[in-house]
Number of protein chains: 2
Amino acid sequence: MKHEYYMRLALEEARQAMLENEVPVGAVLVKDNRILVKTHNKKEVLQDATAHAEILAIREGGRILQNWRLDDCALYVTLEPCFMCASAILQSRIKTLVYGARDAKQGAIESRGTLLESNVYGNSLQVYAGYGEEEAAELLQTFFSINRNKETGLHCL
Amino acid sequence: MKHEYYMRLALEEARQAMLENEVPVGAVLVKDNRILVKTHNKKEVLQDATAHAEILAIREGGRILQNWRLDDCALYVTLEPCFMCASAILQSRIKTLVYGARDAKQGAIESRGTLLESNVYGNSLQVYAGYGEEEAAELLQTFFSINRNKETGLHCL
């Protein structure tokens, strides 16, 4: 139930991202059943290519704990992390990663990546996939569908 | 000469990092021969696992240009980027990467990685390696040597 609960909060953040015209990905960082950070992708609003939900959660988590080592923290994110975020998760020493939809194009956990297997950082990360997968994927599909229509001018009809 | 000049500035930043007791890595972001950002690793001072020199340069570059797309920008960094930074560089659409020392353990460009070859992002990044390599590597060796001695108490002798 714990994973479902925090993923639900991450999905709320993804919906908030959509309202802000950002790719809808949300993340929640938890330590000892305490929510440290709830955030979402802010690449457009911050004009920052690194402002994925996971990076913002890791940055803010370190600030709150006054420690970049996020030992015993769990990160919930609605989409499989990309290489940038997967590497950041490993380097921040997060203990548990729970994600929703798979990202066939950029996912660095199971879809495109071997980052965990290569064991560059020597950390052991517990990974749980597929929580809230359907809803997370649906949000993304809706977002990209709306934006494709915008590009083709169909939104004006 | 251009690459040598900007790498020299990046090495100055790496030395500044060392003075702040950070792993000595520096970076300079340039667009059209204009220096946008000079920065260095600030992981400890910010308590942020993502605060590598490259990430800080990309973030600040986006803020200055008010555009996360760093087209036509060149990034100079004293150490081969890790997976997090290499992926961020590709996603930010930086055109040219010039780096100094190789990182046999975590380097994602040539040492441990196939990120460029996997072409996840479909970008074409020009890469030049080995500029200022010797000095960059020496700074890192000195830093880790001092810190090893600290750990073993030898600095008290």
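Each reported figure results from applying straightforward, stated rules to the coordinates on display, with no laboratory input. Keep in mind that what you see is a predicted model, and the values were worked out from it rather than measured. Cβ atoms come from the backbone with ideal geometry, glycine included; neighbour counts cover every protein chain shown.
For the reader, a short list of remarks on this structure follows.
- The alpha carbon centroids of the stretch A:1-66 and the stretch A:83-101 are separated by 12 Å.
- Hits among lysines - C-alpha to C-alpha of residue B:105 under 21 Å, sequence gap 8 or more where chains match: B:42, B:43
- Relative contact order %, the stretch B:20-157, counting alpha carbon pairs below 8 Å whose residues are six or more apart: 20 percent
- Space enclosed by the convex hull of the alpha-carbon atoms of the protein assembly as shown, per residue, Å³: 135 Å³
- Number of partner chain Cβ atoms within 10 Å, mean per residue of B:40-50: 5
- GNM on chain B, alpha-carbon springs under 10 angstrom: the most fluctuating residue among B:134, B:22, B:12 is B:134.
- Using a Förster distance of 51 Å, the FRET efficiency for residue A:9-residue B:44 (Cβ separation, nearest 0.05): 0.95
- Label reach from residue B:19 (point 7 Å along Cα→C-beta): in the stretch B:45-61, amide nitrogens under 17 Å belong to B:45.
- Principal-axis tilt of helix A:53-65 within chain A, Cα atoms, nearest 10 degrees: 40 degrees
- Taking the C-alpha atoms only, the angle from helix B:133-152 to the longest principal axis of chain B is near 40 degrees.
- Calculated from backbone phi, Karplus (6.51, -1.76, 1.60) coupling profile of the stretch A:31-45 in Hz, x at Gly/Pro: 9, 6, 6, 10, 6, 8, 9, 10, 8, 8, 3, 10, 4, 6, 5
- Globularity index of chain A is 1.02 (Cα radius of gyration / 2.2 N^0.38 Å, N = number of residues).
- Other protein chain Cβ atoms within 10 Å, averaged over every residue that makes up B:87-93: 6
- Mean partner shielding of peptide A:51-59, defined as the number of other chain Cβ atoms within 10 Å of each residue Cβ, is 3.
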